[in-house]
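Below is one structure, written out as C-alpha cells; comments come after it.
Values quoted throughout were computed directly from the atomic coordinates according to the rules given, and no laboratory measurement underlies them. Source: prediction; values computed, not measured. When we count neighbours, we look across all protein chains shown, and the Cβ atoms used for this are built from the backbone with ideal geometry, even at glycine.
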Amino acid sequence: FSLSLLSLPLLPVNEAEGSVKVAEWQQTYYAHDSGIQSGATTVRDDEGTEYSAKKYAVTTTLVENPTEVEAQYTLTRAQRVRAAMFPETLVEGEAVLSTQTDPGQQTNVQRLAEPSQLLKTAIVHLINYQDDAELATRAVPELTKLLADDDAVVVNKAAMIVNQLTRKEASRRVLMQSPQMVAAVVRAMQNTGDMETARCAASILHSLSHQREGLLAIFKSGGIPALVRMLSSPMESVLFYAITTLHNLLLHQEGAKMAVRLADGLQRMVPLLKKSNPKFLAITTDCLQLLSYGNQESKLIILANGGPEGLVFIMRNYNYEKLLWTTSRVLKVLSVCPSNKPAIVEAGGMQALGQHLTGSSQRLTQNCLWTLRNLSDAATKQEGLDGLLQVLVGQLGSDDVNMLTCATGILSNLTCNNSRNKALVTQCGGVEALIHAVLRAGEKEDVAEPAVCALRHLTSRHQDAELAQNAVRLHYGIPAIVKLLGQPHYWPVVKATVGLIRNLALCPVNQAPLRDAGAIPRLVNLLLKAHQDTQRHTSSSQQTYQVSHDTIQHIRLTITGMENTKCERRPGSFSLIRCL
C-alpha cells in the first residue's frame, strides 16, 4: 500500500443522501454487480439478503436506534477497508459498525489489514531510524564540544541530550562510532562534581555497553578506571550503571579483567557486598567470580577486604536464587585457596552452604556441595555441623555421580579425627548408606576412595566404633569391601580398604566372614605386589602412585590380626610376612 494513503481524507456521510443512493443503486446496477465499485454500499447478513433503507424499516421494532445503525451500514466498502487498514484516518468520535458475527473469526477485511499494518509500521520505523541516525551524526561534533565546556550547567544539559540519544538504536550506533564522543562522556563523568551529570554519563556508558562496538569504545577511551571510581558514588543509580557496565566489560571485552584489577576494582567491589539490593548483589558477586577465577592475587585481595564474611552473610540471609548461585560460585573459587579456606569456615561457611543442599535449584546444590568438599578438610574441628552431616548421609542415596563424589568426600574429611562426628554419622545410618555408595561406585575411585575412608573412620576410635564394625557385617558390606582388593584401583583406594579391613578384623565376629570372603589371599597378593613395587623403586617415576611403607605395614598388621586365631591353616603366611 502506498504511504500516500495515510493522507486520504475521510468522506463525510449524509444519512438522507445515503438512503437515496442505495435506492438508486438497486434500480440501476443490481443486475450487473461488478465488484467493489458497484457493490460498495451493499451489506449482506448471514442469510445472504440485502438491506435497503426500505427493508430496514421492517425491523425497527428490534433496534433501539435504527437511524444510527442505518448510517453506519451505509458507509462505503472502501471506507470500511480504509478504517480497518488505516484507523488513524477516522474522524474522532466516528465509529464503523463491524460485520464480524463471530468474535473468534476474523472478517476478510481484518485479515487483509494485518499485513498492511505491519508494512506501514516497518516503513515508519525505517524512516525514523534514518532520521535518528542523521540527527545524531549532525549533533555529535557539537555535543562533544559541549561536554568539555567549563560551565557545569552546559555539561549537564549536553549529557542529558546525549543520554536521550542513546535510547534510540540508530543514534546509539552513531555515538559509539565516535571515539571523541565516548572519551568526552568518560571525562565528564570522572571530572564532574554534579551527581545528575555523573548519572547521565554513567547511563550513557551503560547503554553503549550492550553492543561489542560500544564495549570496545569504552575500553579504549579509558572508561574502566572511571567506572571503578564511580563504585564509590553515594547515588544508587550511578552505582548500578557502573557495576552493570563493568560486568558487561568483564564478560565480553578482552583485557577488561586486567584493567579492572589494575584500577583497584576489587578493593571497591568487596565493600559493595554490604548493600541490600539482591539484583545489585548478584551482579557484584558475579564480577568477583570473574575477577578471582584462576587469579591467586585477586583471591587474596578479596580476603584482605573481608570478602569471605560478606559472602557467607549473603548465603545465610538471602533467598534470591540467582544471588545465591553467583555467591556460591565465588565461594567455590575461593575454597581452593589455602588462605581463604579457613576464613570461610570460621565465618560459618559450612553451615551457611549446608542450608541450600535440599533446595529445588540443582545448580545451587551442586555448587554448594563442591564448595563444602573443598572446605571440609579445614573444618574437621568445626562445631555445629550435626544438621549438615545428616543431610550428607541422605545425599548418599543419590544416583548422581557428582553428588556422590562430593557427599562421600565431605563425610570422609569431617569424620577424620572427630569422635563426635563419627558417632553422629554412625547413629544416623551412615554405615549402611556408605556401603550402598561403595556398591554403586564400581571402579570410580572418586567415590570409592572417600567412601571407604569414611567407613574406616567410623569403625575406629570412638564410642560407637564397635557398633559401626558390626553394622558393616550386618548390611552385607564385607564381600563388597574385600572385592575392592582385587580390582585395579590405585594405591590410595587399596590403602583405605586395607585400613578398613584391619578395623573390621578387630571385632572377633567379623574375622570369619572376612576369611570366607577371601580377604587373606587377596591381602597376601597385595603384599607381594607391594614388595615388588618397592624393589623397583628406581622406576617409580613411571608409576601412577608409589606404594608407601605405611601401606605395607597396614597389610602386614591386618593379615597378622586375622591369622592370630587360626595360623595353623596357613603355616606359610607368617614366614612370608617375616621375609617381607
- [ ] Give a residue-ordered list of calculated ³J(HN,Hα) values for segment 328-336 (Karplus: 6.51 cos²θ - 1.76 cosθ + 1.60, θ = phi - 60°; whole Hz; x for Gly, Pro).
- [x] 5, 5, 5, 4, 5, 5, 6, 5, 9
Task: Contour excess over end-to-end distance, with Cα ends at LYS220 and SER361 and 0.36 nm allotted per residue - done: 46.8 nm
- [ ] Tell me the label-point distance for the pair MET160, ARG461, using the 7 Å Cα-to-Cβ offset, in nm and rounded to one decimal.
- [x] 7.4 nm
Open item on the list: Residues of segment 435-464 with backbone nitrogen within less than 17 Å of a virtual label 7 Å along the Cα-to-Cβ line of LYS529, please, listed as ranges.
Closed with: 442-446, 448-449
Open item on the list: Given R₀ = 60 Å, what would the calculated FRET efficiency be for LEU506 paired with MET235, taking r from the Cβ atoms and rounding to 0.05?
Closed with: 0.30
TODO: Provide the gained length on full extension for the span GLU196 to GLU383, in nm with one decimal, where the gain is 0.36 nm per separating residue minus the Cα-Cα distance.
DONE: 62.2 nm
Open item on the list: Given a Förster distance of 25 Å, report the FRET efficiency between LYS279 and ARG212 from their Cβ-Cβ distance, rounded to the nearest 0.05.
Closed with: 0.55
- [ ] Can you tell me how much longer the chain between LEU251 and ASN317 gets when fully stretched, taken as 0.36 nm per residue apart minus their C-alpha distance, in nm with one decimal?
- [x] 21.0 nm
TODO: Could you please report the charge total around LEU246, scoring K, R as +1 and D, E as -1 over all other residues with beta-carbon less than 14 angstrom from its beta-carbon?
DONE: +2
- [ ] Among GLU134, GLU254, rank each residue by its count of other Cβ atoms within 10 Å, from fewest to most, as a rough exposure measure.
- [x] GLU254, GLU134
TODO: Go ahead and run the numbers for FRET between ASN295 and ARG420, Cβ-Cβ distance against an R0 of 35 Å, rounding to 0.05.
DONE: 0.40
- [ ] Return the subset of LYS275/LYS381; LYS275/LYS322; LYS299/LYS495 for which the Cα-Cα distance in this structure is over 24 Å, preserving the input order.
- [x] LYS275/LYS381; LYS299/LYS495
- [ ] With a cut-off of at most 14 other beta carbons within 10 Å, and DSSP calling the residue loop, which GluC sites (Glu not before Pro) in segment 333-441 qualify? Please list them.
- [x] GLU383
